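The values are calculated or read from the model by the stated rules, or taken from the named source; none is laboratory data. What you see is a predicted model; the values in this text were computed from it and never measured. All Cβ positions, glycine included, derive from the backbone under ideal geometry; neighbour counts span all protein chains shown. Heads up: the accessible areas ignore ligands, DNA and RNA and are worked out on the full protein's heavy atoms, side chains in. Shrake-Rupley method; radii C 1.70, N 1.55, O 1.52, S 1.80 Å.
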Amino acid sequence: MNRRSRRNHTPAFKAKVALAAVKGDRTIAQLAEQFDVHPNQITAWKAQLEGGASGVFGSGSISPAAPAIDVKSLHAKIGELTLENAPKKRQHLLLAPRVEEQNRMPWHADANC
């Protein structure tokens, strides 16, 4: 059995095949034979066409494009917050009892008595 090399179809060809499938005057099997493509591929192109058809008539319910992200300002903000939280972190570590001290306290929940 000879294996066919991978083919890249143009968007125009895909649209032509998908429109023929949507039209419905021929079966998927007949279209597959006519265009020399696998039936599953035709079904996928048809679904893709039907899914994206609403975009042709405008962006009514489709969410707008994401705004451009300024990476430098985000990195600056992260650095700012890190510096702001560093003293708090150190203070928390100084005030927290050490593990050895916690084990010596009989009222502590994790004490091994």
Checklist outcome for this item: Computed from the beta carbon distance with a Förster radius of 41 Å, FRET efficiency for Q34 and S73 to the nearest 0.05 stands at 0.15
Item to check | Vicinal HN-Hα couplings computed from phi for the stretch 36-51 (Karplus, 6.51 cos²θ - 1.76 cosθ + 1.60; Hz; Gly/Pro x) | outcome: 6, 9, 6, x, 4, 5, 5, 4, 5, 5, 4, 5, 5, 5, 5, x
Checklist outcome for this item: Env charge @ A18, Cβ radius under 9 Å, K,R +1 / D,E -1, value +2
Item to check | Label-reachable residues, the stretch 28-43, where backbone N falls under 18 Å from a point 7 Å from A15's Cα toward its Cβ | outcome: 42
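If you roll a 1.4 Å probe over the stretch 1-51 with all protein chains in place, what percent of the accessible area is carbon or sulfur? Provide the component values of the computation, followed by the final result.
Details: 2070 of 4130 Å².
So the carbon and sulfur contribution to the accessible surface is 50 percent.
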Next on the checklist: What's the ranking of 13-25, 71-83 by average number of surrounding C-beta atoms within 10 Å, highest first?
Outcome noted: 13-25, 71-83
